[in-house]
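Structure first, commentary second.
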Amino acid sequence: EPEVTQTPSHQVTQMGQEVILRCVPISNHLYFYWYRQILGQKVEFLVSFYNNEISEKSEIFDDQFSVERPDGSNFTLKIRSTKLEDSAMYFCASSEAPENYGYTFGSGTRLTVV
Amino acid sequence: QKEVEQNSGPLSVPEGAIASLNCTYSDRGSQSFFWYRQYSGKSPELIMFIYSNGDKEDGRFTAQLNKASQYVSLLIRDSQPSDSATYLCAVASNQAGTALIFGKGTTLSVSS
């Protein structure tokens, strides 16, 4: 079964450093997303991406965050200057047609900011 | 602020019983509703989606939607210990479904 692949599975970074989280969506999917889940809390929407541009973003997705699809397969989330409160599990997801099918999540990257 | 509310549980049922999980949402204009299962330390996994009022069945799972009451539920028949997980209700925040609002989830424990 096709899957969304995320790397790395765990990243530890120092406060103030930049991190890039990587995702390879399912190949025929057109919509890509990043969500995060702080330990013990709900899954929160960050951003959706379609046709090489952001289609929607939440208030969490401020200027320290950016997304990019640098080639035909990867989808990245960059956090420019990490804060302690950025520590969370970050999930990438992709969908063929979200209004009809929902979407498939990757296994996640656990980001720990120290 | 659009909200999705779930009872956090834990909900404990014996093996073979029916587990009933409930969810309410605040945005009356919501169109698409999803149930995800999340095992501890893992990513959410889509179980079912529902758009129309009424029931939708898929194997041991039945989703129920009542838009007038802004209420979604998930029934799991013949519950198994492997069903023990956190069940997340999610509501699309727009018609395109490109952003989901999740509830905190209900933890289900099925005892053998």
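Each reported figure results from applying straightforward, stated rules to the coordinates on display, with no laboratory input. Please read all numbers here as calculations on a predicted model, not as lab measurements. Using ideal geometry, Cβ is built from the backbone for each residue, glycine included, and neighbour counts are taken over all protein chains shown.
A few notes on this one:
- For segment B:5-112, the Kirkwood hydrodynamic radius from C-alpha pairs, put into Stokes-Einstein at 20 °C and a viscosity of 1.002 mPa s, yields a diffusion coefficient of 155 µm² per second.
- Pairs of Lys in the protein assembly as shown closer than 19 Å at Cα, counting only those 8 or more apart or on different chains: 10
- Residue exposure proxy: B:Cys89, A:Cys92, ordered by other Cβ atoms within 10 angstrom of their Cβ from fewest to most, comes out as B:Cys89, A:Cys92.
- Normalised per residue, the volume of the convex hull around the Cα set of chain A (Å³): 103 Å³
- For segment A:20-46, the residues whose amide N sits under 20 Å from a probe point set 7 Å from the Cα of A:His10 along the beta carbon direction are A:20-23, A:36-41.
- Among A:Val47, A:Val67, A:Val12: highest mean-square fluctuation, GNM of chain A, C-alpha pairs under 10 Å: A:Val12
- For chain A, the relative contact order comes to 39 percent (Cα pairs under 8 Å, sequence separation of at least 6).
- Based on C-alpha pairs under 8 angstrom that are at least 6 apart in sequence, chain B has a relative contact order of 38 percent.
- Residues whose amide H comes within less than 5 Å of that of B:Ala17, counting only those at least five positions distant or on another chain, are B:Ser79 (H built at 1.01 Å from N in the peptide plane).
- Segment B:79-93 versus segment B:1-71: alpha-carbon centroid distance in Å: 7 Å
- Residues with amide H under 5 Å from that of B:Ala85, placed H, sequence gap 5 or more: B:Leu108
- Radius 15 Å from Cβ of A:Leu111, net charge of other residues (Lys, Arg +1; Asp, Glu -1): +2
- Each residue of segment B:25-30 was assigned a 3J(HN,Hα) from its phi angle through the Karplus curve 6.51 cos²θ - 1.76 cosθ + 1.60 (θ = phi - 60°); the sequence is 9, 8, 8, 4, x, 4 Hz, with glycine and proline shown as x.
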